[in-house]
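Below is one structure; the comments refer to it alone.
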Amino acid sequence: MNTTTDYTYSYTTGTVTSTDGTTIGYRQLGTGPALILIHGSMQAAQHLMRLARTLADDFTVYLPDRRGRGLSGPHGKYFGIDREVEDIQVLVAATGSTKCFGLSSGALLTLHTASTTPNLNKIALYEPALSVGDAFPLHWAERFDREIAANKSTSALVTVFKGLRVEPLFNCFPRFALVPRTNRIMRAQRDLPALDALEEVLPHVRRPTFDGLDHSAPEDRGAPERVAQTLCEYFV
């Protein structure tokens, strides 16, 4: 392992090898029981460093870079949710973790992993990007899969934006203007039945809310300390 300092955060790095041979790199900090943090789609491990630092007093925190990012290898020919679940499963086995937190699409990966990984028995999901019924159009998914398989990641990203009907938004405005608009979209989606449906089928569910916070709360630019407090109460 190597020791690195990122601003005020010191951490070590390590790697595991996934089922298909892809290298999955991670950051590690803290002491205590193992806890894995899974970032969202347009993020990497560094976006959850404040959350990890706050949790590091109570846990050994592992922040993997999902495929195609940072310390990890490329998406690979057969990229999809099954490959990413395998990535997390390998990290669970290597760290002995029984706990995992996921943000947005990372929350969906955490949920899928827990459903097939007996050792992972306590998970926390922050606003999983879950579609129930016709909440999100999915007619574009087949084209997206083809483009990912062909290693056309830029084309695949455009397909997602067009499919979710957000492409004009991303093309016409700078990031500082997109962030608040995207947060408003996410707040509107909270009124959809997705989380209600999930709560009905999962055992032993707790569903806290964070008044005044938005979809980016666990990230470094959000309010990760508030999220960490709830996670500590839940995971300890």
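Residues that are in contact (Cβ under 8 Å) with a residue 24 or more places away in the chain and small (Gly, Ala, Ser) were ranked within the stretch 199-236; the one that is nearest to residue 121 (Cα to Cα) is 228. Looking at this structure, is residue 32 of a type outside the set (A, V, I, L, M), in contact with a Phe, Trp or Tyr (Cβ under 8 Å, 6 or more places away or on another chain) and surrounded by fewer than 21 Cβ atoms within 10 Å (Cβ to Cβ)? Here the answer is yes, as residue 32 does meet what is asked. From the list 45, 34, the one residue that fits, being within 23 Å of residue 127 (Cα to Cα), among the aliphatic types (A, V, I, L, M) and more than 14 Å from the chain's Cα centre (by Cα), is 34. Restricting 196, 191, 220, 211 to residues that are part of a loop (DSSP other than H, G, I, E, B), open to solvent by 50 Å² or more (accessible area, probe 1.4 Å), modelled with pLDDT of 75 or more and not hydrophobic (A, V, I, L, M, F, W, C) narrows the list to 211.
Residue pairs whose Cβ atoms lie under 9 Å apart, sitting 6 or more positions apart in sequence or on different chains, and linking a residue in the stretch 14-33 that is in contact (Cβ under 8 Å) with a residue 40 or more places away in the chain and under 15 Å from residue 92 (Cα atoms) to a partner that is open to solvent by 70 Å² or more (accessible area, probe 1.4 Å) and assigned to a strand (DSSP E or B), are 23/15; 23/17; 24/15; 24/17; 25/15; 26/15. Looking across the stretch 73-120, the residues that are among the polar types (S, T, N, Q), out of contact with any Ser or Thr (no Cβ under 6 Å at 6 or more places or on another chain) and either in a helix (DSSP H, G or I) or open to solvent by less than 30 Å² (accessible area, probe 1.4 Å) (or both) come down to 95, 97, 104, 110, 113, 115, 116, 117.
The values are calculated or read from the model by the stated rules, or taken from the named source; none is laboratory data. Note that this is a predicted model, so its numbers are computed, not measured. Virtual Cβ from ideal backbone geometry, glycine too; neighbours counted across all protein chains shown. Accessible surface areas use protein heavy atoms only, side chains included; no ligands, DNA or RNA. Shrake-Rupley method; radii C 1.70, N 1.55, O 1.52, S 1.80 Å.
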